[in-house]
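The values are calculated or read from the model by the stated rules, or taken from the named source; none is laboratory data. Everything numeric in this text was worked out from a predicted model, so none of it was measured. Here the Cβ positions follow ideal geometry from the backbone for every residue, glycine too, while neighbour counts run over all protein chains shown. When the accessible area is computed, the model is the full protein with side chains, heavy atoms only, and any ligands, DNA or RNA have been set aside. Shrake-Rupley method; radii C 1.70, N 1.55, O 1.52, S 1.80 Å.
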Amino acid sequence: MPKINLLLLCGGGSAEHDISLMSARFFESSLATSDKFSVLKLVLDAHGHYHTEDGKLCDLTNRREIRFEDNNTPAWSVDYVIPCIHGFPGETGDIQSYFNLIQLPYFGCESEASSNCFNKITAKMWFSALGVPNTPYIFLHQLDDDAIKQTEAEFDQWGSVFIKAASQGSSVGCYKVDDKTSIAKVLHDAFSYAPYVVVEQTIRARELEVAVYEYQGEVVATLPGEIICDSNTFYSFDEKYAKNSKARTDVVANNLSAELSQQIRDYAIKAFKGMKLRHLSRIDFFLTQENQILLNEINTFPGLTPISMFPKMLQHHGHDFTEYLIDVIGRQVDLS
(Lines give C-alpha, C1' and ligand atoms only; values in the text may rest on other atoms or scores of the structure.)
Protein backbone atom coordinates (compact mmCIF):
# COMPACT_ATOMS: atom_id res chain seq x y z
CA MET A 1 0.00 0.00 0.00
CA PRO A 2 1.47 3.38 -0.99
CA LYS A 3 1.98 5.90 1.76
CA ILE A 4 -0.72 8.49 2.43
CA ASN A 5 0.37 11.94 1.27
CA LEU A 6 -0.31 14.00 4.38
CA LEU A 7 -0.14 17.79 4.28
CA LEU A 8 0.79 19.35 7.61
CA LEU A 9 -0.24 23.02 7.59
CA CYS A 10 0.91 25.45 10.26
CA GLY A 11 1.29 29.16 10.90
CA GLY A 12 -1.69 31.22 9.81
CA GLY A 13 -0.30 34.67 10.55
CA SER A 14 -2.37 35.31 13.68
CA ALA A 15 -1.02 36.17 17.14
CA GLU A 16 -0.63 32.40 17.64
CA HIS A 17 1.46 31.84 14.50
CA ASP A 18 4.66 30.89 16.33
CA ILE A 19 2.80 28.61 18.73
CA SER A 20 1.36 26.82 15.70
CA LEU A 21 4.88 26.16 14.41
CA MET A 22 5.79 24.58 17.75
CA SER A 23 2.68 22.38 17.68
CA ALA A 24 3.50 21.30 14.11
CA ARG A 25 6.87 20.00 15.28
CA PHE A 26 5.04 17.72 17.72
CA PHE A 27 2.91 16.37 14.87
CA GLU A 28 6.04 15.86 12.76
CA SER A 29 7.78 13.84 15.44
CA SER A 30 4.66 11.74 16.07
CA LEU A 31 4.02 11.03 12.38
CA ALA A 32 7.69 10.15 11.83
CA THR A 33 7.26 7.07 14.01
CA SER A 34 4.77 5.60 11.52
CA ASP A 35 5.53 4.19 8.06
CA LYS A 36 2.03 5.00 6.79
CA PHE A 37 2.58 8.66 5.86
CA SER A 38 4.60 10.81 3.52
CA VAL A 39 4.50 14.24 5.15
CA LEU A 40 4.86 17.66 3.54
CA LYS A 41 4.90 20.57 5.97
CA LEU A 42 3.86 24.00 4.70
CA VAL A 43 3.63 27.35 6.47
CA LEU A 44 0.69 29.66 5.80
CA ASP A 45 1.63 33.31 6.27
CA ALA A 46 -0.47 36.34 7.19
CA HIS A 47 -1.03 37.16 3.50
CA GLY A 48 -2.53 33.76 2.70
CA HIS A 49 0.59 32.47 0.94
CA TYR A 50 1.82 28.90 1.37
CA HIS A 51 5.52 28.15 1.47
CA THR A 52 7.92 25.44 2.54
CA GLU A 53 10.23 25.98 5.48
CA ASP A 54 13.05 26.85 3.06
CA GLY A 55 10.87 29.51 1.38
CA LYS A 56 9.49 27.82 -1.75
CA LEU A 57 6.14 29.40 -2.60
CA CYS A 58 3.27 27.12 -3.59
CA ASP A 59 -0.53 26.79 -3.69
CA LEU A 60 -3.08 24.23 -2.57
CA THR A 61 -5.31 23.93 -5.64
CA ASN A 62 -8.92 22.83 -5.91
CA ARG A 63 -7.58 19.62 -7.47
CA ARG A 64 -6.07 18.81 -4.06
CA GLU A 65 -2.55 19.33 -5.31
CA ILE A 66 0.38 21.37 -4.07
CA ARG A 67 1.81 23.27 -7.04
CA PHE A 68 5.10 25.12 -6.68
CA GLU A 69 5.74 28.50 -8.28
CA ASP A 70 9.26 27.62 -9.45
CA ASN A 71 7.88 25.03 -11.91
CA ASN A 72 10.93 22.87 -11.20
CA THR A 73 9.39 21.05 -8.26
CA PRO A 74 6.78 18.47 -9.28
CA ALA A 75 3.18 18.83 -8.05
CA TRP A 76 2.32 16.92 -4.91
CA SER A 77 -1.08 15.21 -4.60
CA VAL A 78 -2.69 15.60 -1.16
CA ASP A 79 -4.67 12.73 0.41
CA TYR A 80 -5.20 14.24 3.86
CA VAL A 81 -4.43 17.44 5.73
CA ILE A 82 -3.75 18.37 9.35
CA PRO A 83 -4.52 22.10 9.75
CA CYS A 84 -2.29 22.73 12.76
CA ILE A 85 -3.27 26.39 12.94
CA HIS A 86 -4.27 28.06 16.21
CA GLY A 87 -6.53 31.08 15.87
CA PHE A 88 -7.33 32.40 12.38
CA PRO A 89 -7.91 30.73 9.92
CA GLY A 90 -7.73 27.31 11.60
CA GLU A 91 -9.86 27.48 14.73
CA THR A 92 -12.23 29.98 13.10
CA GLY A 93 -13.47 27.38 10.61
CA ASP A 94 -12.36 29.34 7.54
CA ILE A 95 -9.81 26.90 6.21
CA GLN A 96 -12.04 23.90 6.92
CA SER A 97 -14.68 25.45 4.66
CA TYR A 98 -12.17 25.37 1.80
CA PHE A 99 -11.28 21.75 2.53
CA ASN A 100 -14.99 20.88 2.46
CA LEU A 101 -15.37 22.69 -0.88
CA ILE A 102 -12.59 20.71 -2.55
CA GLN A 103 -13.56 17.48 -0.71
CA LEU A 104 -10.23 17.11 1.03
CA PRO A 105 -10.45 15.06 4.26
CA TYR A 106 -8.89 16.72 7.28
CA PHE A 107 -8.08 16.29 10.94
CA GLY A 108 -9.99 18.17 13.62
CA CYS A 109 -13.34 19.85 14.10
CA GLU A 110 -15.40 20.83 11.10
CA SER A 111 -15.97 24.42 10.02
CA GLU A 112 -19.26 25.19 11.79
CA ALA A 113 -18.20 23.70 15.12
CA SER A 114 -14.87 25.52 14.94
CA SER A 115 -16.58 28.85 14.27
CA ASN A 116 -19.15 28.35 17.03
CA CYS A 117 -16.49 27.59 19.62
CA PHE A 118 -14.06 30.31 18.57
CA ASN A 119 -16.57 33.12 19.01
CA LYS A 120 -16.93 33.44 22.78
CA ILE A 121 -20.44 34.89 22.57
CA THR A 122 -21.76 32.19 20.23
CA ALA A 123 -20.07 29.53 22.36
CA LYS A 124 -21.68 30.77 25.57
CA MET A 125 -25.10 30.73 23.92
CA TRP A 126 -24.48 27.11 22.96
CA PHE A 127 -23.32 26.21 26.48
CA SER A 128 -26.52 27.63 27.95
CA ALA A 129 -28.70 25.95 25.31
CA LEU A 130 -27.08 22.60 26.17
CA GLY A 131 -27.62 23.13 29.88
CA VAL A 132 -23.93 23.48 30.71
CA PRO A 133 -23.35 26.23 33.33
CA ASN A 134 -20.92 29.00 32.35
CA THR A 135 -19.73 32.37 33.66
CA PRO A 136 -22.21 35.30 33.87
CA TYR A 137 -21.62 37.77 31.04
CA ILE A 138 -22.87 40.56 28.82
CA PHE A 139 -21.85 41.14 25.23
CA LEU A 140 -21.10 44.40 23.43
CA HIS A 141 -21.42 44.99 19.69
CA GLN A 142 -19.82 48.43 19.49
CA LEU A 143 -17.65 50.78 21.52
CA ASP A 144 -19.68 53.77 22.69
CA ASP A 145 -20.78 55.51 25.87
CA ASP A 146 -23.57 53.00 26.40
CA ALA A 147 -21.11 50.07 26.24
CA ILE A 148 -18.89 51.78 28.81
CA LYS A 149 -21.87 52.41 31.11
CA GLN A 150 -23.04 48.78 30.81
CA THR A 151 -19.59 47.52 31.69
CA GLU A 152 -19.29 49.91 34.63
CA ALA A 153 -22.67 48.73 35.94
CA GLU A 154 -21.57 45.09 35.83
CA PHE A 155 -18.28 46.06 37.49
CA ASP A 156 -20.24 47.65 40.33
CA GLN A 157 -22.24 44.44 40.69
CA TRP A 158 -19.38 41.95 40.33
CA GLY A 159 -16.44 43.90 41.76
CA SER A 160 -14.11 42.78 38.95
CA VAL A 161 -14.56 41.79 35.32
CA PHE A 162 -12.80 40.15 32.42
CA ILE A 163 -13.09 42.02 29.14
CA LYS A 164 -12.45 39.74 26.17
CA ALA A 165 -12.31 40.16 22.42
CA ALA A 166 -15.00 37.73 21.29
CA SER A 167 -13.01 36.03 18.53
CA GLN A 168 -9.42 35.51 19.64
CA GLY A 169 -7.61 32.54 21.16
CA SER A 170 -4.92 31.91 23.77
CA SER A 171 -6.13 34.84 25.91
CA VAL A 172 -5.26 37.33 23.15
CA GLY A 173 -7.29 40.50 23.70
CA CYS A 174 -8.28 39.33 27.17
CA TYR A 175 -7.97 41.69 30.15
CA LYS A 176 -8.71 41.41 33.86
CA VAL A 177 -10.07 44.71 35.17
CA ASP A 178 -9.93 45.54 38.86
CA ASP A 179 -9.93 49.34 38.44
CA LYS A 180 -13.19 50.88 37.23
CA THR A 181 -11.41 53.93 35.81
CA SER A 182 -9.57 51.77 33.27
CA ILE A 183 -12.71 50.29 31.70
CA ALA A 184 -12.94 52.71 28.75
CA LYS A 185 -9.30 52.14 27.75
CA VAL A 186 -9.52 48.36 28.10
CA LEU A 187 -12.70 48.24 26.03
CA HIS A 188 -10.89 50.23 23.34
CA ASP A 189 -8.03 47.69 23.40
CA ALA A 190 -10.39 44.70 23.26
CA PHE A 191 -12.36 46.13 20.33
CA SER A 192 -9.09 46.52 18.44
CA TYR A 193 -8.93 42.71 18.28
CA ALA A 194 -12.54 41.92 17.36
CA PRO A 195 -15.83 43.62 16.39
CA TYR A 196 -17.58 42.09 19.41
CA VAL A 197 -16.56 42.00 23.05
CA VAL A 198 -17.75 39.87 25.95
CA VAL A 199 -17.61 41.13 29.54
CA GLU A 200 -17.58 38.37 32.15
CA GLN A 201 -17.75 38.28 35.89
CA THR A 202 -14.34 37.56 37.37
CA ILE A 203 -14.53 34.11 38.89
CA ARG A 204 -12.10 33.30 41.67
CA ALA A 205 -11.76 29.63 41.08
CA ARG A 206 -9.54 26.72 40.19
CA GLU A 207 -8.81 26.45 36.45
CA LEU A 208 -9.37 22.90 35.25
CA GLU A 209 -8.90 21.43 31.78
CA VAL A 210 -10.14 18.24 30.16
CA ALA A 211 -8.80 16.66 26.99
CA VAL A 212 -11.75 15.32 25.00
CA TYR A 213 -11.11 13.30 21.87
CA GLU A 214 -12.39 10.47 19.71
CA TYR A 215 -10.58 7.15 19.86
CA GLN A 216 -11.74 3.81 18.43
CA GLY A 217 -15.20 5.19 17.82
CA GLU A 218 -15.75 6.51 21.35
CA VAL A 219 -15.60 10.00 22.86
CA VAL A 220 -12.98 10.03 25.62
CA ALA A 221 -12.73 12.61 28.40
CA THR A 222 -9.61 12.53 30.55
CA LEU A 223 -9.40 13.29 34.22
CA PRO A 224 -9.28 17.06 34.72
CA GLY A 225 -5.85 18.67 34.83
CA GLU A 226 -5.20 21.98 36.55
CA ILE A 227 -3.55 25.30 35.72
CA ILE A 228 -2.09 26.93 38.81
CA CYS A 229 -1.11 30.54 38.15
CA ASP A 230 1.03 32.86 40.21
CA SER A 231 -0.97 34.74 42.86
CA ASN A 232 -3.49 37.28 41.50
CA THR A 233 -2.73 36.55 37.85
CA PHE A 234 -4.67 34.78 35.11
CA TYR A 235 -3.51 32.39 32.43
CA SER A 236 -2.56 35.05 29.90
CA PHE A 237 -0.77 34.46 26.59
CA ASP A 238 2.58 35.20 28.28
CA GLU A 239 1.80 32.94 31.23
CA LYS A 240 1.04 30.14 28.78
CA TYR A 241 4.15 30.41 26.63
CA ALA A 242 6.82 32.68 28.14
CA LYS A 243 9.99 30.98 29.36
CA ASN A 244 9.79 32.82 32.66
CA SER A 245 6.16 31.89 33.28
CA LYS A 246 5.36 31.14 36.91
CA ALA A 247 2.27 29.11 36.03
CA ARG A 248 2.26 25.40 36.85
CA THR A 249 0.29 22.66 35.14
CA ASP A 250 -0.79 19.44 36.83
CA VAL A 251 -1.81 16.69 34.42
CA VAL A 252 -4.26 15.45 37.03
CA ALA A 253 -5.76 17.96 39.46
CA ASN A 254 -5.09 17.26 43.11
CA ASN A 255 -7.71 17.35 45.86
CA LEU A 256 -10.63 16.94 43.49
CA SER A 257 -13.37 14.54 44.54
CA ALA A 258 -14.35 11.69 42.25
CA GLU A 259 -17.89 13.10 42.08
CA LEU A 260 -16.75 16.57 40.93
CA SER A 261 -14.25 15.08 38.51
CA GLN A 262 -16.93 12.93 36.91
CA GLN A 263 -19.38 15.84 36.68
CA ILE A 264 -16.77 17.94 34.89
CA ARG A 265 -16.05 15.08 32.47
CA ASP A 266 -19.78 14.60 31.86
CA TYR A 267 -20.20 18.31 31.04
CA ALA A 268 -17.17 18.12 28.74
CA ILE A 269 -18.60 15.18 26.77
CA LYS A 270 -22.01 16.86 26.66
CA ALA A 271 -20.45 19.99 25.13
CA PHE A 272 -18.30 17.94 22.72
CA LYS A 273 -21.25 15.93 21.43
CA GLY A 274 -23.80 18.75 21.58
CA MET A 275 -21.66 21.18 19.61
CA LYS A 276 -20.73 18.43 17.11
CA LEU A 277 -16.99 18.61 17.77
CA ARG A 278 -14.71 16.11 16.09
CA HIS A 279 -11.43 14.33 16.79
CA LEU A 280 -10.00 16.59 19.51
CA SER A 281 -10.61 19.48 21.85
CA ARG A 282 -9.49 20.88 25.17
CA ILE A 283 -12.39 22.03 27.31
CA ASP A 284 -11.64 24.44 30.15
CA PHE A 285 -13.64 24.87 33.35
CA PHE A 286 -13.71 26.95 36.51
CA LEU A 287 -14.40 25.32 39.87
CA THR A 288 -15.43 27.87 42.50
CA GLN A 289 -14.84 27.65 46.24
CA GLU A 290 -18.50 26.62 46.52
CA ASN A 291 -17.78 23.70 44.12
CA GLN A 292 -19.77 25.32 41.32
CA ILE A 293 -18.62 24.08 37.91
CA LEU A 294 -18.56 26.67 35.11
CA LEU A 295 -17.49 25.99 31.53
CA ASN A 296 -15.01 28.68 30.49
CA GLU A 297 -14.11 27.90 26.87
CA ILE A 298 -13.48 25.22 24.26
CA ASN A 299 -10.28 25.00 22.20
CA THR A 300 -10.98 23.09 18.99
CA PHE A 301 -7.28 22.80 18.12
CA PRO A 302 -5.39 22.88 21.43
CA GLY A 303 -1.68 23.56 21.59
CA LEU A 304 0.77 20.67 21.26
CA THR A 305 3.88 22.43 22.51
CA PRO A 306 6.22 20.83 25.08
CA ILE A 307 4.22 22.48 27.90
CA SER A 308 0.73 21.91 26.47
CA MET A 309 -1.81 19.94 28.45
CA PHE A 310 -3.68 18.07 25.70
CA PRO A 311 -0.95 15.58 24.69
CA LYS A 312 0.07 15.07 28.31
CA MET A 313 -3.49 14.27 29.40
CA LEU A 314 -4.04 11.95 26.43
CA GLN A 315 -0.85 10.07 27.26
CA HIS A 316 -1.69 9.92 30.96
CA HIS A 317 -5.06 8.45 30.03
CA GLY A 318 -3.14 5.55 28.47
CA HIS A 319 -3.19 6.42 24.78
CA ASP A 320 -0.24 6.85 22.45
CA PHE A 321 -0.52 10.00 20.34
CA THR A 322 0.69 8.37 17.12
CA GLU A 323 -1.72 5.46 17.51
CA TYR A 324 -4.48 7.97 18.18
CA LEU A 325 -3.64 9.83 14.95
CA ILE A 326 -3.57 6.60 12.96
CA ASP A 327 -6.97 5.61 14.36
CA VAL A 328 -8.56 8.99 13.53
CA ILE A 329 -7.05 9.26 10.06
CA GLY A 330 -7.80 5.62 9.28
CA ARG A 331 -11.51 6.28 9.77
CA GLN A 332 -11.38 8.85 6.95
CA VAL A 333 -8.86 7.37 4.49
CA ASP A 334 -7.74 3.80 3.79
CA LEU A 335 -4.54 3.01 5.71
CA SER A 336 -4.65 -0.75 5.17
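Give region 104-132 a look and list any residue that's open to solvent by less than 50 Å² (accessible area, probe 1.4 Å) and among the aromatic types (Phe, Trp, Tyr), or say none. 106, 107, 118, 127, listed by residue number. You will find that of 295, 277, the residue that is open to solvent by less than 30 Å² (accessible area, probe 1.4 Å), in contact with a Cys (Cβ under 6 Å, 6 or more places away or on another chain), closer than 17 Å to residue 113 by Cβ and modelled with pLDDT of 95 or more is 277 and no other. Scoring residue 28 on the criteria (1) within 15 Å of residue 9 (Cβ to Cβ); (2) open to solvent by 10 Å² or more (accessible area, probe 1.4 Å); (3) in a loop (DSSP other than H, G, I, E, B); (4) free of Cβ contacts under 8 Å to residues at least 60 places away in the same chain leaves a single failure, condition (3). When region 237-274 is filtered for residues that are open to solvent by less than 30 Å² (accessible area, probe 1.4 Å) and modelled with pLDDT under 60, only 240 remains.
Whenever a residue of region 74-100 is at positive phi, its partners that are in a loop (DSSP other than H, G, I, E, B) and acidic (Asp, Glu), lying with C-beta atoms within less than 6 angstrom and at least six residues away or across chains, give the pairs 87/16. So if I check each of 59, 94, 70, 156, which one is modelled with pLDDT of 95 or more, farther than 30 Å from residue 292 by Cα and more than 24 Å from the chain's Cα centre (by Cα)? Testing whether each residue is modelled with pLDDT of 95 or more, farther than 30 Å from residue 292 by Cα and more than 24 Å from the chain's Cα centre (by Cα) leaves just 59. Among residues that are open to solvent by less than 10 Å² (accessible area, probe 1.4 Å), hydroxyl-bearing (Ser, Thr, Tyr) and not in a loop (DSSP other than H, G, I, E, B), residue 20 is included.
Residues that are in a loop (DSSP other than H, G, I, E, B) and among the basic types (Lys, Arg) occur in region 245-257; there is at least one. Of the residues making up region 187-211, not one is within 17 Å of residue 122 (Cβ to Cβ) and within 15 Å of the chain's Cα centre (by Cα). Of all residues in region 166-186, at least one satisfies being buried (at least 21 other Cβ atoms within 10 Å of the Cβ), without any contact (Cβ under 8 Å) to a residue 40 or more places away in the chain, over 18 Å from residue 294 (Cβ atoms) and within 17 Å of the chain's Cα centre (by Cα). Does residue 101 count as within 21 Å of residue 300 (Cβ to Cβ), aliphatic (A, V, I, L, M) and either modelled with pLDDT under 95 or open to solvent by 70 Å² or more (accessible area, probe 1.4 Å) (or both)? Spelling it out, residue 101 is indeed within 21 Å of residue 300 (Cβ to Cβ), aliphatic (A, V, I, L, M) and either modelled with pLDDT under 95 or open to solvent by 70 Å² or more (accessible area, probe 1.4 Å) (or both).
The rows are residues; the columns are (1) over 19 Å from residue 91 (Cβ atoms); (2) in contact (Cβ under 8 Å) with a residue 40 or more places away in the chain.
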site	(1), (2)
123	no, yes
128	yes, no
132	yes, yes
139	yes, yes
150	yes, yes
155	yes, no
160	yes, yes
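Cβ-Cβ distances below 6 Å connect the following pairs, each with a first residue in region 309-336 that is outside any loop (DSSP other than H, G, I, E, B), a second residue that is among the β-branched types (Val, Ile, Thr) and open to solvent by 70 Å² or more (accessible area, probe 1.4 Å), and a separation of six or more residues or different chains: 322/33. Scanning region 63-97 for residues that are open to solvent by less than 70 Å² (accessible area, probe 1.4 Å), under 26 Å from residue 18 (Cα atoms) and not in a loop (DSSP other than H, G, I, E, B) turns up 65, 66, 68, 76, 80, 81, 82, 83, 84, 95, 96, 97. Is there a residue being under 21 Å from the mean Cα position of the chain (by Cα), at pLDDT below 95, closer than 27 Å to residue 274 by Cβ and open to solvent by less than 30 Å² (accessible area, probe 1.4 Å) anywhere in region 213-220? No - not one qualifying residue is present in region 213-220.
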